[in-house]
Amino acid sequence: MSEQALSRDRVIRTLPLTHWNQPHHDSGALASLEQGNVLFLPHLSFTLMPEELKLLDPALVAPKRKNITFDPQHNRVRGLARQQYAQQVTDLLSRYYQHCLQLIDALLPEYRHAVHSPSNTLRLHPVSTWRSKSSWRKDDSRLHVDAFPSRPIHGERILRIFNNINPHGENREWRVGEPFPVLAQRFMPHLSGYSPLSSWFQQRIGMTKSLRSRYDHMMLQLHDAMKADRKYQEQGPQVTLSLPPGSSWICFADQTPHAAMSGQFMLEQTFLLPVSAMLNPQNSPLAVLEKLMQQPLL
């Protein structure tokens, strides 16, 4: 595993927050996030209530589902195998969503009125379990940037807030890769061209919820090219992060190359953010790819 040209200080910015609504006046945090770094909050824990500890059971996840998901806008849980726990899971994930809103208010107030389409997940399986059962394309222990196959986002950002809720002291181990502009330039020659006809057909038969833009196509191609390149996975620039129980971390998952190597029991909150709401839109994957390709992608 190579760590050339990367260091922990290059990819992670540690912040001292201990409460989800604690104001933190550090403009550098937002700039660092938009540059593709991970914001690490080692003392920002999310405490489960005693009766919620029984929810930390992989048997609660429906067969063939990776995680339990929650849509806070419609108060809807999916992927739950035991419906008798639906209300408790809903309450847990709703509370986590509210905590994440408080964190954005306190740490990233510039985004508060722009984030939208929230969803979150309760991740109960050990990383080793879903890694052994997944295809290479779905194996998130391989370095990748996030892209949605069925839900085109047309250049919007994927902002994610994670929390390790493991009750047994087990760290979440991550790998984090090189800056997005370097990554995109590295893989650009391996990405296939975009077909408007194919995009139309995929929407027509229900493979996608809307037309897949040239941008969405390129991001999916990048996601797959990274995961398929075994040499890059083993030797590409990367650093290892140990994320202990009781810690939180934030990144733009469409920009920060990442891979989950081990761990169990985690909460994850996702928001979409328009590029126009960024402090520096030129840091967005959309702007980087358009510059490299010398053409608009939307």
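Per-structure values
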quantity: Qualifying residue in segment 126-149 (condition: at positive phi and out of contact with any Pro (no Cβ under 9 Å at 6 or more places or on another chain)); calculated: no
quantity: Lone unmet requirement of (1) within 19 Å of the chain's Cα centre (by Cα); (2) surrounded by fewer than 17 Cβ atoms within 10 Å (Cβ to Cβ); (3) without any contact (Cβ under 8 Å) to a residue 40 or more places away in the chain; (4) in a helix (DSSP H, G or I) for residue 65; calculated: (4)
quantity: Yes/no for residue 265 being aromatic (Phe, Trp, Tyr), in contact with a strand residue (DSSP E or B) (Cβ under 8 Å, 6 or more places away or on another chain) and either more than 26 Å from residue 132 (Cα to Cα) or in contact (Cβ under 8 Å) with a residue 60 or more places away in the chain (or both); calculated: yes
quantity: Output for segment 35-48, where each listed residue is in contact (Cβ under 8 Å) with a residue 12 or more places away in the chain and closer than 16 Å to residue 167 by Cβ; calculated: 45, 46, 48
quantity: Residue list for segment 111-128, filter: part of a helix (DSSP H, G or I) and either surrounded by 14 or more Cβ atoms within 10 Å (Cβ to Cβ) or of a type in the set (A, V, I, L, M) (or both); calculated: 111, 127
quantity: Every residue from segment 173-226 that is under 30 Å from residue 10 (Cα atoms), without any contact (Cβ under 8 Å) to a residue 24 or more places away in the chain and crowded, with 18+ Cβ neighbours inside 10 Å; calculated: 217
quantity: Which numbered condition residue 225 misses (of (1) at pLDDT below 95; (2) part of a helix (DSSP H, G or I)); calculated: (1)
quantity: Residue that is farthest from residue 168 (Cα to Cα) [pool: residues in segment 68-84 that are touching a residue at least 24 places away in the same chain (Cβ under 8 Å) and in a loop (DSSP other than H, G, I, E, B)]; calculated: 73
quantity: Test: residue 107 is within 28 Å of residue 19 (Cβ to Cβ), among the aliphatic types (A, V, I, L, M) and touching a strand residue (DSSP E or B) at 6+ places or on another chain (Cβ under 6 Å); calculated: no
quantity: Residue in segment 134-153 that is part of a helix (DSSP H, G or I), surrounded by 14 or more Cβ atoms within 10 Å (Cβ to Cβ), at pLDDT 95 or above and under 16 Å from the mean Cα position of the chain (by Cα) present; calculated: no
quantity: Residues within segment 151-201 that are touching a helix residue (DSSP H, G or I) at 6+ places or on another chain (Cβ under 9 Å), of a type in the set (S, T, N, Q) and over 16 Å from residue 222 (Cβ atoms), tallied; calculated: 4
quantity: Only one of 18, 14, 69 that is hydroxyl-bearing (Ser, Thr, Tyr), out of contact with any Gly (no Cβ under 6 Å at 6 or more places or on another chain) and over 27 Å from residue 238 (Cβ atoms); calculated: 18
quantity: Breaking point among (1) more than 24 Å from residue 139 (Cα to Cα); (2) under 16 Å from the mean Cα position of the chain (by Cα); (3) among the polar types (S, T, N, Q), for residue 248; calculated: (1)
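For every residue, the table says whether it meets (1) touching a His at 6+ places or on another chain (Cβ under 7 Å); (2) at pLDDT 95 or above; (3) over 30 Å from residue 170 (Cα atoms); (4) of a type in the set (A, V, I, L, M).
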position	(1), (2), (3), (4)
194	yes, no, yes, no
206	no, no, yes, no
229	no, yes, no, no
246	no, yes, no, no
249	no, yes, no, no
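The values are calculated or read from the model by the stated rules, or taken from the named source; none is laboratory data. Just so we're clear, the structure is a prediction, and the values are computed from it rather than from any experiment. With ideal geometry, Cβ positions are generated from the backbone for all residues, glycine too; neighbour counts draw on all protein chains shown.
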